[in-house]
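Enquirer: This structure is in structure tokens; I'll ask about it shortly.
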Amino acid sequence: MNATTWFATGAALAGLAVILGAFGAHGLKARVDPELLAVFETAVRYHMYHALALLAVGLAAGRWTSPWVGAAGWLFLAGIGIFSGSLYLMALTGTRWLGAVTPIGGVALILGWAALLVGVLRDN
């Protein structure tokens with residue numbers, strides 16, 4: 001993907017994080033156990049952080065041409081989907097085994113930051 005697409009993807013996912021945060025705060029508060037609501041809030045928080053990271057990937061892709069920058073974007077996308085997605089599903093369904101999947105997404109997020117770092121440093 002190019003810089004514009006990464007930036008647009010980050011903006012869209014940030015908007016979705018706001019929508020999901022509002023849904024959690026207003027639509028789930030009375031329907032979900034407080035412990036699972038906290039899980040949902042964690043999902044939203046990491047979703048937003050990494051949507052913003054995708055904005056950074058968009059900016060970085062316009063300056064640094066290393067393929068590591070694009071790899072960072074894909075890792076952030078995977079991390080949002082797996083980390084936040086598994087937590088969203090756990091909070092909404094109460095299916096706690098989904099928590100076993102969550103660390104895979106966390107590793108993807110960590111690797112995304114590492115890839116972004118390598119991409120910026122290798123291209124200089």
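Enquirer: Kindly establish whether ARG122 is at negative phi, charged (D, E, K, R) and without any contact (Cβ under 8 Å) to a residue 12 or more places away in the chain.
Expert: No, not satisfied.
Enquirer: When you go through ALA72, ALA60, ALA78, ALA43 one by one, which is the residue that is open to solvent by less than 20 Å² (accessible area, probe 1.4 Å), within 11 Å of the chain's Cα centre (by Cα) and modelled with pLDDT of 95 or more?
Expert: The conditions single out ALA43.
Enquirer: Confirm whether LEU117 is open to solvent by 30 Å² or more (accessible area, probe 1.4 Å) and in a helix (DSSP H, G or I).
Expert: yes
Enquirer: Still on this model: For region 100-118, what are the residues that are without any contact (Cβ under 8 Å) to a residue 40 or more places away in the chain and not hydrophobic (A, V, I, L, M, F, W, C)?
Expert: The answer is THR102, PRO103, GLY105, GLY106.
Enquirer: Say we look at region 91-112 and pick out the residues that are open to solvent by less than 20 Å² (accessible area, probe 1.4 Å) and either outside any helix (DSSP H, G or I) or of a type in the set (A, V, I, L, M) (or both); which of these is modelled with the lowest pLDDT?
Expert: ALA91
Enquirer: Restricting attention to region 113-124, report how many residues are closer than 29 Å to PHE23 by Cβ and modelled with pLDDT under 95.
Expert: Going through region 113-124 one residue at a time, the tally reaches 0.
Enquirer: Can you tell me which residue in region 3-32 is most open to solvent (accessible area, probe 1.4 Å), limited to those that are outside any helix (DSSP H, G or I) and without any contact (Cβ under 8 Å) to a residue 60 or more places away in the chain?
Expert: Filtering first and then ranking leaves ARG31.
The rows are residues; the columns are (1) among the aliphatic types (A, V, I, L, M); (2) more than 30 Å from ARG122 (Cα to Cα).
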{"residue": "ALA11", "(1), (2)": "yes, no"}
{"residue": "GLY24", "(1), (2)": "no, yes"}
{"residue": "TRP64", "(1), (2)": "no, no"}
{"residue": "GLY79", "(1), (2)": "no, no"}
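Enquirer: I'm told THR65 meets every condition in (1) open to solvent by 50 Å² or more (accessible area, probe 1.4 Å); (2) in a helix (DSSP H, G or I) except one. Can you identify the failing condition by its number?
Expert: Just one mismatch for THR65, condition (2).
Enquirer: A follow-up question, please. Considering (1) within 20 Å of LEU116 (Cα to Cα); (2) without any contact (Cβ under 8 Å) to a residue 12 or more places away in the chain; (3) of a type in the set (Phe, Trp, Tyr), say which one TRP64 fails and leave the rest.
Expert: (2)
The values are calculated or read from the model by the stated rules, or taken from the named source; none is laboratory data. All figures in this text were calculated on a predicted structure; none of them were measured in a lab. Glycine gets a Cβ as well: all are built from the backbone with ideal geometry, and neighbour counts include every protein chain shown. The area values use the complete protein model at the heavy-atom level, side chains included, leaving out ligands, DNA and RNA. Shrake-Rupley method; radii C 1.70, N 1.55, O 1.52, S 1.80 Å.
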